[in-house]
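The next block holds one structure in the form of C-alpha cells; read it before the comments.
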Amino acid sequence: MQDKGQQIAMRFRQDMHSTVHFPDDNAPERAQRAARAVRLLLDGLRNGASIRARQVAGDPIEVWQAEDGQQVLQCQSSGSSGAPKTIQRRPDSWIASFEITRREFGAGKDTPYAVLGDPGHSLVLFAIMEAFHLGADLSVLTGLSPRAQLQGLARDGVQVLYATPAQLRLLLKAHPEPLPEMRLVFSGGGKLDADTASALSTLFPNAELHEFFGASETSFMSIAPVGAPIASVGRAYPGVEIALRDANGQPVGQGPGELWVKSPYLFDRYVEGDSPETRWQDGFLTVGEMARLDADGFLYLLGRTSRMVTVADQNVFPEAVEAEIAKLSAARAAVVPVPDDARGQVLVAVVEGAECDDTVRSIKDRCRDMLGAPSMPRQVLFVDALPMLPAGKPDLKALEQLARGQV
C-alpha cells in the first residue's frame with residue numbers, strides 16, 4: 001500500500017506509445033459521439049484534468065481542472081429506480097488494477113485494445129484508460145454494427161477486449177470468422193452463460209476468457225480463471241478480501257450471505273445521489289449483493305438484497321429467474337413480484353416478443369426444475385419492448401405496475 005502522500009501525487013496518464021483508431025467520417029452519429037468523447041478524454045489526461053463519465057444524460061465525458069489540483073474520477077450510473085448517482089474515486093484505485101492486468105495477464109504496449117460500448121459507461125472507460133496507461137493501441141468501435149466491429153477487431157489486430165455478455169452475443173450472431181490474434185477477453189456487466197462462453201472459444205480460438213464481477217463503487221471484486229465453474233464469477237480478484245455476512249453484519253462463512261469486500265479499489269464517496277444498499281463496516285464495503293462461496297473459493301451470485309422477495313416463506317431472487325429465462329431465449333426479459341393472498345408474493349415474468357404457449361411452458365418448467373417451485377413465474381406476460389431506464393436497464397417500477405394491472 002502507498003502512503004497518503006503518494007496517493008495524492010498519483011495521476012491518470014497517457015503513455016504516448018498509444019495510437020487510437022477512430023471510426024471514419026461516414027460512421028453513425030453514435031460512433032462519432034464516442035470518438036469526440038475519447039479525444040476529449042485524451043486532451044484531459046495530457047493536462048492532468050479530472051474526469052466525469054455520464055451514462056444517463058449529457059455528453060459521455062467531461063473534464064475539468066480541480067481547484068485543489070487533486071485529480072479525481074467521477075462515474076454516473078442509474079439503478080433500477082432511475083435515480084442517478086455519481087461516485088467519486090482517486091486515480092490510484094484504478095491504476096492499481098491496470099498494473100494487475102499488466103502483471104497477471106501480460107497486457108502492455110504490444111497488446112492492442114478495443115472497446116465496443118459507450119465511453120460514459122465505467123466498464124468501457126476503464127478499458128480505455130487501461131490501454132492508455134499501458135501504452136497499448138486502442139480501437140474505438142462504439143456505435144458500429146457487430147459485423148463492422150468484427151472487421152475492426154481483425155483489421156487492427158486487437159488482442160485485448162473488454163465487453164459485456166450482450167455485446168459478445170451480438171458479435172457471435174454476426175456469423176464471424178475466427179479471430180486468432182485475440183489473446184484476452186474480459187467479460188463483465190452481466191452473467192456470462194455457458195453457450196456464449198463455448199461459442200467464444202471458436203470466435204477467439206487463442207484467447208483466454210475471464211469473466212469478472214464488480215460494481216462502480218467497488219471496481220473488481222472477483223475474476224474467473226480459465227476453467228472456472230461457469231455458474232460462478234470466479235475467485236477474489238488479486239488484492240480483494242471477500243466476506244459474507246448476515247443481516248446483522250456477522251460472518252456466515254461460505255454463506256449464503258451479503259457480499260462485503262475490502263480492497264485498494266474501493267470508491268471514496270457519492271457526489272450525487274446515494275444508495276441505502278451501499279454500506280461500510282470495518283473497512284469493508286457492500287453494495288447489497290447476496291452470494292455464496294464454494295469450498296474452492298469460487299463466488300456464486302444470488303441477487304441484490306433489494307430485489308429479494310419471499311414466496312411461500314422462501315427467499316427467491318428475480319435475477320436468478322431472469323438468468324434461466326435468458327438461457328432459453330435471446331429476447332430480453334425481466335421478473336417482478338406481485339402480491340398474492342396465498343403465498344404473500346409471486347413472480348411474473350415479462351418477456352419481449354409475441355405470445356407463445358410453448359415459450360410459457362418452457363419458462364415455467366425450467367425455472368421450477370432449476371430453482372424450485374417458489375421461483376417459477378406464476379404468469380408470463382409478453383410485450384413489444386420492455387420499458388427501459390436511460391442507462392439501459394429495465395424499469396422495474398413500471399414493470400411492477402404493468403404486472404399488477406394484468407394479474
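The values are calculated or read from the model by the stated rules, or taken from the named source; none is laboratory data. Note that the structure is predicted; figures quoted are calculated from it, not measured. Because the Cβ atoms are built from the backbone with ideal geometry, glycine has one as well, and the counts that use them run over all protein chains shown.
With respect to the conditions (1) surrounded by 15 or more Cβ atoms within 10 Å (Cβ to Cβ); (2) at pLDDT 95 or above; (3) polar (S, T, N, Q), ASN206 falls short on a single one, namely (1).
What residue, of SER122, SER77, SER97, SER93, is crowded, with 18+ Cβ neighbours inside 10 Å, among the polar types (S, T, N, Q), under 25 Å from THR196 (Cα atoms) and in contact (Cβ under 8 Å) with a residue 60 or more places away in the chain?
Details: SER77 fails: under 25 Å from THR196 (Cα atoms); SER97 fails: under 25 Å from THR196 (Cα atoms); SER93 fails: under 25 Å from THR196 (Cα atoms).
Matching residue, one of SER122, SER77, SER97, SER93: SER122.
Which of the residues that make up segment 169-199 are outside any loop (DSSP other than H, G, I, E, B) and either more than 21 Å from ALA331 (Cβ to Cβ) or under 17 Å from the mean Cα position of the chain (by Cα) (or both)? Give the steps one after another, and end with the answer.
Taking segment 169-199 first, the residues outside any loop (DSSP other than H, G, I, E, B) are 169-173, 184-187, 194-199.
Selection gives ARG169, LEU170, LEU184, VAL185, PHE186, SER187, THR196, ALA197.
Counting residues in segment 86-96 that are assigned by TED's automatic domain parsing to the domain that holds PHE267, modelled with pLDDT under 95, closer than 21 Å to ARG269 by Cα and of a type in the set (Gly, Ala, Ser) gives zero. Taking into account only those residues within segment 1-32 that are at pLDDT 90 or above and in a helix (DSSP H, G or I), which is farthest from MET129 (Cα to Cα)? Result: GLU29. One residue stands out among those in segment 304-321 that are within 20 Å of the chain's Cα centre (by Cα), touching a residue at least 24 places away in the same chain (Cβ under 8 Å) and within 17 Å of LYS364 (Cα to Cα): the one that is surrounded by the most Cβ atoms within 10 Å (Cβ to Cβ), which is VAL321.
Among the strands (runs of 3 or more DSSP E) confined wholly to segment 205-313, which include 3 or more residues that are within 26 Å of ALA334 (Cα to Cα) and touching a Phe, Trp or Tyr at 6+ places or on another chain (Cβ under 9 Å)? Before the answer, list the steps.
On the way: elements: 208-215, 219-223, 241-245, 257-262, 269-272, 279-281, 284-286, 289-293, 299-304, 309-311.
Counting at least 3 such residues, we get 208-215, 219-223, 289-293, 299-304.
Counting only residues that are closer than 14 Å to GLY283 by Cβ and either surrounded by 20 or more Cβ atoms within 10 Å (Cβ to Cβ) or aromatic (Phe, Trp, Tyr) (or both), segment 243-265 holds 5 of them. Evaluated against (1) among the aliphatic types (A, V, I, L, M); (2) touching a helix residue (DSSP H, G or I) at 6+ places or on another chain (Cβ under 7 Å); (3) in a helix (DSSP H, G or I), VAL348 falls short on exactly one condition, (3).
For segment 374-405: of the residues being assigned to a helix (DSSP H, G or I) and free of Cβ contacts under 8 Å to residues at least 40 places away in the same chain, which is nearest to the chain's Cα centre (by Cα)? Lay out the reasoning, then the answer.
First, the residues of segment 374-405 that are assigned to a helix (DSSP H, G or I): 374-375, 396-405.
Those still in the list that are free of Cβ contacts under 8 Å to residues at least 40 places away in the same chain too: 398, 401, 405.
Numbers: ALA398: 23, GLN401: 27, GLY405: 32 Å.
Step by step, filter segment 374-405, then rank; the result is ALA398.
Against the test of being at pLDDT 95 or above, part of a strand (DSSP E or B) and either surrounded by fewer than 22 Cβ atoms within 10 Å (Cβ to Cβ) or among the hydrophobic types (A, V, I, L, M, F, W, C) (or both), the options LEU153, LEU144, LEU161 yield a single qualifying residue, LEU161. Is it fair to say LEU170 is under 30 Å from ARG52 (Cα atoms) and surrounded by fewer than 20 Cβ atoms within 10 Å (Cβ to Cβ)? Here the answer is yes, as LEU170 does meet what is asked.
Whether any residue in segment 116-137 is assigned to a strand (DSSP E or B), small (Gly, Ala, Ser) and within 20 Å of the chain's Cα centre (by Cα) is what I want to check. Before you say what the answer is, go through the steps one by one.
Of the residues in segment 116-137, the ones assigned to a strand (DSSP E or B) are none.
Within segment 116-137, none of the residues are assigned to a strand (DSSP E or B), small (Gly, Ala, Ser) and within 20 Å of the chain's Cα centre (by Cα).
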